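Shown next, in structure tokens, is the structure this report addresses.
The values are calculated or read from the model by the stated rules, or taken from the named source; none is laboratory data. Bear in mind the structure is a predicted one, so any value in this text is a computation, not a measurement.
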Amino acid sequence: MFAERFKVTDRVGAYKAKKGLPAKDEAREFIQLDRIKNLALEYGLESEFAHSYLSLMIDRVVERHRALADQN
């Protein structure tokens, strides 16, 4: 699942690089982090764990998007 997810995010990063869009979208990140906290609570998972996990994923994606932008 991770491999497939990162294939998709690489395509997004390539698109952003091509269009000159920023690698980081703080408004979207806020929405997603709020969403994961609510889902965690709904399913009985510690919300801080879910938040930390998603934050790590977002950080890796942003790093990759910046690297793709640097290549262009």
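Here are the numbers for this structure:
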| quantity | calculated |
| --- | --- |
| Looking only at segment 3-47, and only at residues there that are among the aromatic types (Phe, Trp, Tyr) and within 12 Å of the chain's Cα centre (by Cα), the one that is nearest to VAL62 (Cα to Cα) | PHE6 |
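Quick grid of which residues meet (1) on the phi > 0 side of the Ramachandran plot; (2) modelled with pLDDT of 95 or more; (3) not polar (S, T, N, Q):
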| residue | (1), (2), (3) |
| --- | --- |
| GLU4 | no, no, yes |
| THR9 | no, no, no |
| TYR43 | no, yes, yes |
| ARG64 | no, no, yes |
| ALA69 | no, no, yes |
